[in-house]
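> Here it is, the structure, as structure tokens.
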Amino acid sequence: MNQLDKELLRIKSKVEEMWTLVDFQVQAGREGLVSPDEELAKKVSKSGKKVNSYDIKIDRMCENIFALYNPVAVDLRWLLAILKINSNLERIGDYAESIAHMLKEANPPIEATLLAQSRVLEMYDATQTMLQQVRQAFFEENTELARQVIKRDKILNKIHGKTDKMLLKYFQTHPHNIHQSLKVSGIIRKLERIGDHTTNIAEEIVFYVDAKVVKHKQKKKKKDKGEE
């Protein structure tokens, strides 16, 4: 193994450590929906600071490799992808931390009918599945699995698209619980954004493994569908 390979392996190890923290943050949010835990919320915030530190560290490690080794071909694509994956992981961590703050303000546990009608737990499960699959796709360089993650994002978009109608219906039957319902609406919006960033990571995996750009194709499909 040459020195460049060793440095790339070091970066990959840091990404894995960062990813573990982000996974914890998202999982903690789901747990907080059904069982209040102030200590868990504090751990999410503490993890957020660590995620930010990893973000800066990984960026600097990549910059050093560009300066010292002038990488080409697959190594260059990998580093370019890592910079974007790192940024997307940091944003996912930010959204997970924001959700933790929302849950604290919502005075959980969330009312059972609201959980069921909003489908927020279903959305959380889909989000976590996407994160698990995209992580596996990254470390196995599995572009087929990455493409499955991109398709799965439609589940989150569908639930998010029905949020306003759901809230109106819930307001009519539960006017006493508007506070929690607004917080759940905010959580759903942030989960949808987490799905978008996870999809971005999947697209970067396809880019560096297959040397194919798929993100613009996905956006074009959405635009064409909207015009129809």
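> Sequence neighbours fewer than 8 away in the same chain don't count; with that in mind, list the aspartates and glutamates whose C-alpha is under 19 Å from Lys12.
Asp23, Asp55, Asp59, Glu63, Asp75, Glu90, Glu140, Glu141, Glu203, Glu204, Asp210
> Give me the percent of accessible area attributable to carbon and sulfur for the chain, probe 1.4 angstrom.
Carbon-and-sulfur percentage of accessible area, whole number: 51.
> Here is a further query. Which whole-angstrom value gives the distance between the alpha carbon centres of the stretch 56-110 and the stretch 9-55?
12
> What share of all Cα pairs of the stretch 33-159, in percent, falls into each consecutive 10 Å distance bin?
11, 30, 33, 18, 6, 1
> May I ask you to list, by number, the DSSP H helices of the chain whose Cα span along the axis is at least 24 Å and whose average Kyte-Doolittle hydropathy reaches -0.5 or more?
Result, helices passing both filters: 3-34, 73-105, 120-140, 178-210.
> Semi-axes, largest first, in whole Å: what does sqrt of 5 times each Cα gyration tensor eigenvalue give for the chain?
One finds semi-axes of 35, 22, 12 Å for the chain.
> Sticking with this one: In deg cm²/dmol, rounded to 500, what helix-only [θ] at 222 nm does the chain give when every DSSP H run of at least 4 residues adds -39500 (n - 2.57) and the total is split over its residues?
-31000 deg cm²/dmol
> For the chain, with every protein chain kept in place, what is the accessible area per residue (1.4 Å probe, Å²)?
In whole numbers, the chain has 53 Å² accessible per residue.
> Want the number for Asn107 to Gln148: 0.36 nm per residue separation, take away the alpha-carbon distance, what's left?
11.2 nm
> For the stretch 94-168, what number results from the quotient of the Cα radius of gyration and 2.2 N^0.38 Å?
Taking N as the residue count of the stretch 94-168, the ratio is 1.31.
> Same structure again: Let me spell out the model: positive unit charges on the Cβ of Lys and Arg, negative unit charges on the Cβ of Asp and Glu, origin at the Cα centre of the chain. What dipole size does that give, in debye rounded to 20?
So the dipole magnitude of the chain works out to roughly 620 debye.
> Percent of alpha carbon pairs in the stretch 12-82 separated by more than 16 Å?
That tail contains 56 percent of the Cα-Cα pairs.
> For the stretch 104-147, just list the percent of Cα-Cα distances falling in each 10 Å bin from zero outward, please.
Answer for the stretch 104-147: a P(r) of 25, 33, 22, 19, 1 percent.
The values are calculated or read from the model by the stated rules, or taken from the named source; none is laboratory data. On a predicted model such as this, the values are computed, not experimentally measured, just so you know. So basically every Cβ, Gly included, is an ideal-geometry build from the backbone, and we count neighbours across all protein chains shown. Note: accessible area is taken over every heavy atom of the protein model, side chains too, but ligands, DNA and RNA are not part of it. Shrake-Rupley method; radii C 1.70, N 1.55, O 1.52, S 1.80 Å.
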